[in-house]
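Q: Mind looking over this structure? Questions follow.
Read the figures in this text as sums done on the coordinates, not as results from a lab. Just so you know, these numbers come straight off a predicted model, no measurement behind them. Cβ: placed from backbone, ideal geometry, glycine included. Neighbour counts: every protein chain shown.
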């Protein structure tokens, strides 16, 4: 069990705010931390890692990392940290990067094995692709058998195919080592695939906490298929109207009747929804 | 919108069939997860797309439509290919149906006709919990 009860004043883009987090995380949980930028996600990770100070207490199992009397230095907390940028030592080979953390050759071999990196162990980081570098970072973070693995948008710089591959490797590692993990992510598919709990931070405070399907499902009344978009135009066709709405990177058309049209104004933000029974899906 | 009261909820895992009372007529809705605020006795506003409302006249035989509302046509607005028909399903509730003109002509629908508004249970949704 990890007990977090911290607060810290932050000077964000939107002015002053208080990061106030009271959270208990079970051993082995995979927690996705999400929310708008500037909501305090990265700061929370840094506080957990001991890279930034805050008021309050942190307890990991029976170990106190922080309370009124104690402040455990970052190096003494058994933490693995994976950043968006890879932060590898450029003058060390893949293997040396891992062994620098802990001289455990067997673990090093095993980690490189399951992430398919064994053949690259003597290469220097600059010769690797982004995906390979991030796999090395991930293995390196596991070398001290961390009690807590922290990942700050680890896959956001990668292309979609590489993301999926690394998500699978993160899952494999998590299943094998059962490391309690907190990962900052904005990607719903990533959160759904990896996490068993999602915590949403908004302006420094937890606003939602639950499983991915509950927290991230966009609903509209009882409708489960719902998107937010901007109403661009309404075109009359015969006795009906066609509303043009921009959703994400694309335009969609929705047929509306005269009655439905009455509450709509061009330019407004609208929610487009239908029942989960209606959409047709094709692979 | 149809204001109705929940009278029964059946479920199988995340799938639900919710039955409503609307002015003495029974309605039924298929749904996946239900909001926790929806329980027997809850009043809700139900919605349906006008293009999902069919019209029946002098129906004989059985239809699979779970929702068959006795109603009366109050207006018909015919276009070139489609028409919008408004039917009164209760004193203060009007439902709109968009059907093809050819159906309108084939059925010889007229203002004041007694008809049945037909809606599949999978096409009704809760717009708002009251």
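Q: Rg and Dmax of chain B over Cα atoms: what are they, in angstrom?
A: Rg, Dmax (Cα atoms, Å): 15.3, 46.
Q: A follow-up question, please. So if R0 is 60 Å, what FRET efficiency would residue B:63 and residue A:196 give, r being the distance between their Cβ atoms, rounded to the nearest 0.05? Let's see the in-between values first.
A: On the way: r = 45 Å, r/R0 = 0.75.
Given R0 = 60 Å and the Cβ-Cβ separation, E is 0.85.
Q: Using the count of nearby Cβ atoms within 10 Å as a rough guide to exposure, how do A:101, B:6 rank from fewest to most? Walk me through the intermediate numbers first.
A: Details: A:101 17, B:6 20.
With the fewest neighbours first, A:101, B:6 line up as A:101, B:6.
Q: Residues in the stretch A:242-283 near a label at residue A:232, defined as backbone nitrogen under 11 Å from the 7 Å Cα→Cβ point?
A: In the stretch A:242-283, the label zone of residue A:232 (backbone N under 11 Å from the point 7 Å along Cα→Cβ) covers A:244-253.
Q: Could you work out how far helix A:130-142 tilts from the main Cα principal axis of chain A, as a 0 to 90 degree angle to the nearest 10?
A: So the helix axis and the longest Cα principal axis differ by about 50 degrees.
Q: While we're on this one: Once you treat every alpha carbon in the stretch A:225-274 as an equal point and sum by Debye, what is log10 I(q)/I(0) at q = 0.21, 0.23, 0.25, 0.26 Å⁻¹?
A: Treating every Cα as an identical point scatterer, log10 I(q)/I(0) equals -0.67, -0.80, -0.94, -1.01.
Q: Can you tell me what share of the DSSP beta bridges in chain A is antiparallel? A percent to the nearest 5 is fine. Provide the component values of the computation, followed by the final result.
A: Numbers: 47 of 65 bridges.
Roughly 70 percent of the DSSP beta bridges within chain A come out antiparallel.
Q: Additional query: Using 1/(1 + (r/R0)^6) with R0 = 60 angstrom and r between the beta carbons of residue A:127 and residue B:14, what's the FRET efficiency to the nearest 0.05?
A: Working: r = 49 Å, r/R0 = 0.81.
Working from the Cβ atoms, E equals 0.75.
Q: Taking 0.36 nm per intervening residue step and subtracting the Cα-Cα distance, what contour gain separates residue A:62 from residue A:278 on full extension? List each step's numbers first, then the result.
A: Working: separation 216, 0.36 × 216 = 77.76 nm, distance 5.15 nm.
Computed gain between residue A:62 and residue A:278 is 72.6 nm.
Q: Before rounding to the nearest 500, sum -39500 (n - 2.57) across all DSSP H runs of length at least 4 in the protein assembly as shown and divide by the residue total; then give [θ] at 222 nm in deg cm²/dmol. Don't skip to the answer; put the middle values down first.
A: Details: 9 runs with 81 residues, N = 413.
When only DSSP H runs of four or more count, the value is -5500 deg cm²/dmol.
Q: Under 10 °C and 1.306 mPa s, how fast does the stretch A:2-216 diffuse according to Stokes-Einstein, given a Kirkwood radius computed over C-alpha pairs? Answer in µm²/s, whole number.
A: Details: Rh = 17.7 Å.
The Stokes-Einstein estimate is 90 µm²/s.
Q: What order do you get for A:256, B:44, A:199, A:269 when you list them from fewest to most C-beta neighbours inside 10 Å? Each step should come with its number before you reach the end.
A: Working: A:256 19, B:44 25, A:199 22, A:269 9.
Going from least to most buried by this count: A:269, A:256, A:199, B:44.
Q: So for the stretch A:20-124, considering every pair of alpha-carbon atoms, how many percent are separated by more than 21 Å? Each step should come with its number before you reach the end.
A: Working: 2752 of 5460 pairs.
The proportion of pairs with Cα distances above 21 Å equals 50 percent.
Q: According to a simple spin-label model (label point 7 Å from Cα along Cα-to-Cβ), what is the distance in nm between residue B:25 and residue A:156?
A: 5.2 nm
Q: Here's something else I'd like to know. How big is the protein assembly as shown along each principal axis, measuring the range of its Cα positions in Å and listing the largest first?
A: 87, 46, 43
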